[in-house]
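The values are calculated or read from the model by the stated rules, or taken from the named source; none is laboratory data. The structure displayed is predicted, hence computed values, not measured ones. Counting neighbours? That spans all protein chains shown, and the Cβs are built from the backbone with ideal geometry, glycine included. We work out accessible area using only protein heavy atoms, side chains counted, and drop any ligands, DNA or RNA first. Shrake-Rupley method; radii C 1.70, N 1.55, O 1.52, S 1.80 Å.
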Amino acid sequence: MNRLIHFYYSVYNNFLVPDKLREYREILDLATTHGYTFLTLEDFHRAISGNAQVQEKYIIIRHDIDTDPSAALEFARAETEHGIHATYFFRLKTWDQKIVAVIKAQGHEVGYHFEEIASYAKQHRLRSARAIEQSLPLIKAMFCKNLTSLRKHDTISSFASHGDFANRILGVSNSLLLQDENLREEQGIVYEAYDEQLIEAYGTHLSDKPYPQRYSPNSPQELIKRGDSFLWLSHPRWWRRNLRGNLVELKDRIIEGILW
């Protein structure tokens, strides 16, 4: 029975999820009505780095664009209508330059959702944390090459590690790469979204989740009505149905799992 329920939720989240952009707009309306200030992660990082006072109550909106870059346009449009700026992290495979340009032109922050440790592990069939550690120089070179390619079009100084199924199996996060302070300095990396300093400063980290959980640890509506400040991480794939994009992602996941 548990497997059947798991299968149903998997099908629902990948292929049946309804469009919930109206709910997103309603949440922005609610926060605006309750007097919230909205910040990008860059805004927040700059404030705490300069010991500036961050006005309570605030919401930092972060979107991880894992599978559906066109959905980012819908979120950005809703935010722009509310006079809000948010932070968008695109993976290498979802980095669409036309979409990125539109979002940046609206005043939103765009950063790199990097995953080179997982990518290298799958490409070279590395199955242990020790193998990753031994390959770090090559993985860093891969990261720098990808970043150079992206920077042909954009200035990129903000980063967030992506969580891949390979990371969970290896027990190694992609963020391990940016624990190298020399690499950060050489590549002009201002912050990584999982830097301890950032997390400690904003405190409450709210993330959306696939159905049936929806949110963790609370819904944004609950936190807003309580008057809490928080970072809100969202994944547009849980908010808008994209059959083709999700099928491609599922196919890639299956193939990568077999070949790895």
* Can you give the accessible area of residue 251, probe radius 1.4 Å, in Å² rounded to 10? -> 100 Å²
* Most fluctuating residue given options 122, 152, 209, as computed from a GNM of the chain linking Cα atoms under 10 Å -> 152
* Asked: Highest GNM mean-square fluctuation, the chain, Cα pairs closer than 10 Å: which of 14, 146, 174?
  -> 146
* **Cα gyration tensor shape of region 208-260, rounded if a/c is under 1.5, else prolate or oblate by comparing a/b with b/c** => prolate
* To do: Between the alpha-carbon centers of region 50-66 and region 212-249, tell me the distance in whole angstrom.
  => 16 Å
* Accessible-area ranking of 96, 19, largest first, probe 1.4 Å -> 19, 96
* Asked: Binned at 5 Å from 0, what are the whole-percent values of the Cα-Cα distance distribution for region 123-240, short to long?
  -> 2, 9, 16, 17, 17, 16, 13, 7, 3, 1
* To do: Over the chain, consider all pairs of different Cα atoms and compute the Kirkwood hydrodynamic radius from their mean reciprocal separation; express it in Å, one decimal.
  => 19.4 Å
* To do: Run down the aspartates and glutamates and flag those whose C-alpha is under 16 Å from the C-alpha of residue 57, throwing out any fewer than 8 positions away in its chain.
  => 29, 43, 222, 228
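Which semi-axes, in whole Å and largest first, does the equivalent ellipsoid of region 1-62 have when worked out from the alpha carbon gyration tensor as the square roots of 5 times its eigenvalues?
For region 1-62, the semi-axes come out at 37, 17, 9 Å.
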* In region 88-175, what is the count of Lys pairs whose alpha carbons are under 25 Å apart, counting only pairs at least 8 residues apart or on separate chains? -> 12
* Structure fact -> So the pair-distance distribution of region 39-92, from every Cα-Cα distance in 5 Å bins, comes to percents of 4, 18, 24, 21, 16, 10, 6, 1
* So how far apart, in nm, are the two label points at residue 8 and residue 260 if each is 7 Å from Cα heading toward Cβ? -> 2.9 nm
* Structure fact -> Taking only the alpha-carbon positions of region 1-148 as identical scatterers, the Debye log10 I(q)/I(0) at q = 0.12, 0.13 Å⁻¹ comes out as -0.73, -0.83
